[in-house]
């Protein structure tokens, strides 16, 4: 009674769906699988023409990016970087020999820039090497994983973790308008007043939601300060790529002043001691 009605919205003839371009939450995949629509996740990049791995219908692990396609070799290199070699690997970047030598080593392995692990022949992507954040205490944080966990809460539309070289993590957050109105009403603040986003009670409520979202992560991955906004990051305002990925340097530049404020004492208390 339920599955047929939902699947009818896809036209009624869809046999399977392939997910790529970014990590897929396992619960979302299982939801559709449970309805009778197999969702398989794959992984690749333009330099590999473009797919390297994919799940099979008869061996589908939703959290994984699947197994290497026929003719594709994969291995884990230094810093847990995923390396790949196949006839589909590019010859190089046009008129950029130095960048080509950086991307493809002398043995023909493409350095993907993604950290990964391999278990039971399935590849599990852990995050981009350049997106691994290192705090002043030396902890290495895969901020992409934290951001994905945070936005599972309907209050948060977008999230970006900051804290490179800092003693604790902070987050820039874009709130869902409807959910924000509900939270504001519950806290007795005016949702239409921008100043409400900076009130202590709101900040505490948001931090508690984030704490719940990140409960499976190590203690050092706790977010201790937040900047809240309602204006989304978009391609048009220069904060997302055409494939809807965060332009982290642009976001950090745009919100540099706000980020600096997150590392000052808030409400007379040290965020680390909260």
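Shown is the FRET efficiency for residue 257 and residue 57, computed with R0 = 45 Å from the Cβ-Cβ distance and rounded to the nearest 0.05: 0.35. Here the relative contact order of the chain, from alpha carbon pairs under 8 Å that lie six or more residues apart, stands at 10 percent.
Summarised in one figure, the compactness ratio Rg/Rh of the chain, Cα atoms and Kirkwood Rh, is 1.00. Beta bridges per DSSP, both residues in the chain: antiparallel share near 80 percent.
Calculated FRET efficiency, residue 245 to residue 190, Cβ-Cβ distance, R0 = 51 Å: about 0.90 to the nearest 0.05.
Shown here: the range 3-129, whose C-alpha atoms stretch 54, 29, 24 Å along the first, second and third principal axes, sorted largest to smallest.
Provide the packing ranking of 206-212, 254-260, i.e. peptides ordered by the mean count of other C-beta atoms within 10 Å per residue, highest first.
Per-residue mean Cβ counts within 10 Å order the peptides as 206-212, 254-260.
For the options 104, 28, 89, a Gaussian network treatment of the chain with springs between C-alpha atoms closer than 10 Å singles out 28 as fluctuating the most. Within the range 135-273, antiparallel bridges make up roughly 55 percent of the DSSP beta bridges whose residues both belong there. Once you order the gyration tensor axes a ≥ b ≥ c over the Cα atoms, which shape class does the range 135-273 get: rounded for a/c under 1.5, otherwise prolate or oblate by comparing a/b with b/c? Since a/c stays below 1.5, the shape of the range 135-273 is classed as rounded. Stokes-Einstein diffusion for the range 118-207 at 20 °C, viscosity 1.002 mPa s, with a Kirkwood radius from C-alpha pairs, works out to 143 µm²/s.
We did not get these values from a lab; they are worked out from the coordinates using the rules stated. Owing to the predicted nature of the structure, the values given are computational and were not obtained by experimental measurement. Methodologically, a virtual Cβ is constructed for each residue, glycine included, from the backbone with ideal geometry; neighbour enumeration extends over all protein chains shown.
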